[in-house]
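Engineer: Just dropping this structure here.
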Amino acid sequence: MRKIYACLSWVAPVFLVLALSAPMAAKSTKKGKLLYMTLSAGYKHEVVPFSAEIVKQIGEKSGAFDTTVTQDVGAFSAENLKNYDAVMFYTTGELPMTDAEKKAFMDFIHSGHGFVGVHSATDTFYMWEDYLKLVGAYFNDHPWHQLVTVDVVDEQNPLVSFYGKSFQVNDEIYQMSDFQADTSHVLLRLDPGSVDVKNPRVRRRFYGWPLAWTRMDGKGRAFYTALGHEKAVWEDENFQKMLLNGIKWAMGMK
């Protein structure tokens, strides 16, 4: 009998530890919530509806997040943003947000939430300086729409390390103005040797042609990639992997 009681004396604490750790485990596997804004106040990209389906699938297959797609700027109220961990933009132009909605959006980011921008997210809010500080650059023409080589600038970064040293993609390639080089961590950059840099639309800048980067804005995390004009890019497994990694990073999961 003494042996039985001795066993029970340590079994009980073990069950207690397991019981207390269960809620913590559940919390660590909690799915994120993504608000995907697809409103275009300027040029309307044909691929946007398809991109929305891909983003939903990425979240569902990975189990990492659920996606709400919207074109309603009213979703950017302080109350509604409480339901999300990150906001994603595939947008253009000056979105018709009120000052209150803009403030709620920036308060959401600065308090520690995430932002993900794809392709023409840099072709958005040219008149709003706070947005530039968030996204990191503005679109400044696309001299090339062809097969190009993309260099992986940070081969050790888990967001893009699976690409290796470089890869090729057939897409519309942006060049940027006002790139916040000092406060952005470049992940991908165009290999200028793979394009005609004598194109009259080319504007050379010291930072070259960055195509993906991360940056901080207050306590918030921002991930952006200039790729994503073509449907085939959204169908690409590696692009989807980078997007998943970027979304998870923005949500603080990586």
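The values are calculated or read from the model by the stated rules, or taken from the named source; none is laboratory data. Every value quoted in this text rests on a predicted model; they were computed, and no experiment measured them. Using ideal geometry, Cβ is built from the backbone for each residue, glycine included, and neighbour counts are taken over all protein chains shown. These accessible areas exclude ligands, DNA and RNA; they are computed on the full protein's heavy atoms, side chains included. Shrake-Rupley method; radii C 1.70, N 1.55, O 1.52, S 1.80 Å.
Engineer: Keeping the other protein chains in place, figure out the carbon and sulfur percent of the accessible area of segment 69-117, with a 1.4 Å probe.
Structural biologist: Solvent-exposed carbon and sulfur of segment 69-117 make up 49 percent of the total.
Engineer: Between segment 213-239 and segment 135-165, how far is it from one alpha carbon centroid to the other, in angstrom?
Structural biologist: Segment 213-239 and segment 135-165 have Cα centres spaced 9 Å from each other.
Engineer: Additional query: In sequence order, what are the phi-derived ³J(HN,Hα) couplings for segment 61-68 according to the Karplus relation 6.51 cos²θ - 1.76 cosθ + 1.60 with θ = phi - 60°, rounded to whole Hz, with x for glycine and proline?
Structural biologist: Coupling constants for segment 61-68: 5, 7, x, 7, 7, 9, 10, 10 Hz.
Engineer: Which of these values of semi-axes √(5λ) of the Cα gyration tensor in Å was calculated from the structure shown: (1) 44, 26, 18; (2) 39, 23, 16; (3) 47, 21, 13?
Structural biologist: (2)
Engineer: Can you list residues from other chains, or at least 5 along the same chain, whose modelled amide H is less than 5 Å from the amide H of ALA212?
Structural biologist: LEU187, LEU188, ALA226
Engineer: With each run of n ≥ 4 DSSP H residues scored as -39500 (n - 2.57), what mean residue ellipticity at 222 nm is computed for the chain after dividing by its residue count and rounding to the nearest 500 deg cm²/dmol?
Structural biologist: So the helix-based figure for the chain works out to -10500 deg cm²/dmol.
Engineer: So what are the ³J(HN,Hα) numbers for segment 105-120, from phi and the Karplus equation (6.51, -1.76, 1.60; θ = phi - 60°), rounded to whole Hz, Gly and Pro as x?
Structural biologist: 4, 5, 4, 4, 5, 5, 7, x, 9, x, 9, 10, x, 10, 6, 7
Engineer: Most fluctuating residue of SER62, SER166, SER120 in a GNM of the chain with Cα springs under 10 Å: which is it?
Structural biologist: SER62
Engineer: Tally up the carbon and sulfur contribution to the accessible surface of segment 142-204 as a whole percent, 1.4 Å probe, everything protein left in place.
Structural biologist: 43
Engineer: Further question: Please give the charge dipole size of the chain, origin at the Cα centre, charges +1 on K and R Cβ atoms and -1 on D and E Cβ atoms. Round to the nearest 20 debye.
Structural biologist: In total the dipole reaches around 1220 debye.
Engineer: Per residue, how much accessible area does the chain show when a 1.4 Å probe rolls over the protein heavy atoms, in square angstrom?
Structural biologist: That works out to 50 Å² for each residue.
Engineer: For GLN146, enumerate residues with amide H under 5 Å from its amide H, sequence gap 5+ or separate chain, H modeled in the peptide plane.
Structural biologist: ASP171, ILE173
Engineer: Using the Cβ atoms and a cut-off under 14 Å, what net charge is assigned to the surroundings of MET97, where Lys and Arg are +1 and Asp and Glu are -1?
Structural biologist: Summing Lys and Arg as +1 and Asp and Glu as -1 gives -4.
Engineer: Further question: For segment 73-206, please report how many Lys pairs fall under 15 Å Cα to Cα, leaving out neighbours fewer than 8 apart on the same chain.
Structural biologist: 4
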